[in-house]
1. Please determine, by comparing only the residues of the stretch 257-288 that are part of a helix (DSSP H, G or I) and surrounded by 19 or more Cβ atoms within 10 Å (Cβ to Cβ), which one is farthest from ligand 1 (Cβ to nearest atom).
2. Does Thr223 count as at pLDDT 95 or above, touching a strand residue (DSSP E or B) at 6+ places or on another chain (Cβ under 6 Å) and within 16 Å of ligand 1 (Cβ to nearest atom)?
3. Taking the stated definitions as given, is Gly243 among the small types (Gly, Ala, Ser) and either within 23 Å of Phe127 (Cβ to Cβ) or assigned to a helix (DSSP H, G or I) (or both)?
4. Within the stretch 246-256, track down each residue that is buried (at least 17 other Cβ atoms within 10 Å of the Cβ), within 20 Å of Trp226 (Cα to Cα) and not hydroxyl-bearing (Ser, Thr, Tyr).
5. Can you work out which of the residues in the stretch 1-55 that are aromatic (Phe, Trp, Tyr) and within 16 Å of ligand 1 (Cβ to nearest atom) is surrounded by the most Cβ atoms within 10 Å (Cβ to Cβ)?
6. Go through Asp210, Asp219 for me and flag whichever is surrounded by fewer than 24 Cβ atoms within 10 Å (Cβ to Cβ) and within 25 Å of Pro281 (Cα to Cα).
7. Return the residues of the stretch 42-96 that are touching a Pro at 6+ places or on another chain (Cβ under 8 Å), away from ligand 2 (no atom under 16 Å from the Cβ) and of a type in the set (Ser, Thr, Tyr); say none if nothing qualifies.
8. Mind checking which helices (runs of 4 or more DSSP H) fall wholly inside the stretch 88-205 and carry at least 3 residues that are open to solvent by 50 Å² or more (accessible area, probe 1.4 Å)?
Amino acid sequence: MTRHFLRDDSITPAEQAEILDLAAQLKADRWSQKPLEGPQTVAVIFDKSSTRTRVSFAVGIADLGGSPLIISTANSQLGGKETPADTARVLERQVAAIVWRTYAQAGLEEMAEGTRVPVINALSDDFHPCQLLADLLTIREHKGELKGLTLSFFGDGRSNMGHSYALAGAMAGMHVRIASPEAYAPREDVVADAARIAAQTGGSVTLLADPREAAAGADVVVTDTWVSMGKEEEKLARLRDLGAYKVTGETMSLADPAAIFIHCLPADRGYEVDADVIDGPQSVIWDEAENRLHAQKALLVWLLKQQ
Ligand code: CP
Ligand code: NVA
């Protein structure tokens, strides 16, 4: 049966660890695997803007011997004229996999149901699972192992990043703290799924309103934009509501002295994070951005092997 990667929990904890190990191998020996030799094509579709995801998938598919086909929804029939299921039926006869950045998670599910090639979520309103593979690889590189670490996320816990940290962090056996105002807390069903996973892995998920409590002793400090793509109309309210959750020098001083700072980028310096933190010595954001490449290559290699 075709495997897809639509959410962080589309894979098991053991599979997550396997993909991260493969990512480390591919990082050490970048051109060692060519499952797309031919070249086979991978469709990479964007309904929203992107720099890192577009570049890392295009480069990664080429590294694996394949050919990336980058599609902007604005110039395609998807997104109004044709359903995701019909688009999938057209693509599956010509491409080895479909990567899609979109708004509604339901569209990705429809795409996956309609096709026999793997579908990868390259960010939806609800999850950003490819980012989490890169983040976990980065944390592992800097901290040695994931299990038992405390990761504290500050800001919009109801965003794709908040949800993905809850699920993927729990899957890695981490203690995930989400610090946000109540109205920006992660969705209840996502928290319940993360708690169920954490019960198997020894991790935990804790929602906190107090950012100082969330920062105390953290091994990994994380934030993300307060205004995710599609939320631009709420910008003023979000800047007001999330102001107390900015990551500052004080946040870092409450965390473990060896804590690292990560951010999926793009960042709004002075809003969700101060420049002296994101550009400071504890920040590993450029390793994190590079690791998108290695993690997604590993994901593609792994998914293609499951067919
Ligand atoms: N982090 C991330 O997904 O960046 P892009 O929006 O540039 O792809
Ligand atoms: N939460 C952000 C992530 C960008 C990579 C957004 O959805 O815009």
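The values are calculated or read from the model by the stated rules, or taken from the named source; none is laboratory data. Fair warning: this is a prediction, and the values are worked out from it, not measured in the lab. Cβ sites come from the backbone with ideal geometry, for glycine too, and all protein chains shown count toward neighbours. Heads up: the accessible areas ignore ligands, DNA and RNA and are worked out on the full protein's heavy atoms, side chains in. Shrake-Rupley method; radii C 1.70, N 1.55, O 1.52, S 1.80 Å.
1. If we take residues in the stretch 257-288 being part of a helix (DSSP H, G or I) and surrounded by 19 or more Cβ atoms within 10 Å (Cβ to Cβ), then Val277 is farthest from ligand 1 (Cβ to nearest atom).
2. Working: at pLDDT 95 or above: yes; touching a strand residue (DSSP E or B) at 6+ places or on another chain (Cβ under 6 Å): yes; within 16 Å of ligand 1 (Cβ to nearest atom): yes.
Yes; evaluated as a whole, the condition is true for this residue.
3. Details: among the small types (Gly, Ala, Ser): yes; either within 23 Å of Phe127 (Cβ to Cβ) or assigned to a helix (DSSP H, G or I) (or both): yes.
So Gly243 fits the description; yes.
4. Scanning the stretch 246-256 gives Lys246, Val247, Met252.
5. Phe5
6. Numbers: Asp210 fails: within 25 Å of Pro281 (Cα to Cα).
The conditions single out Asp219.
7. Ser67
8. Details: elements: 105-113, 129-143, 160-171, 188-201.
Output list reads 105-113, 129-143, 188-201.
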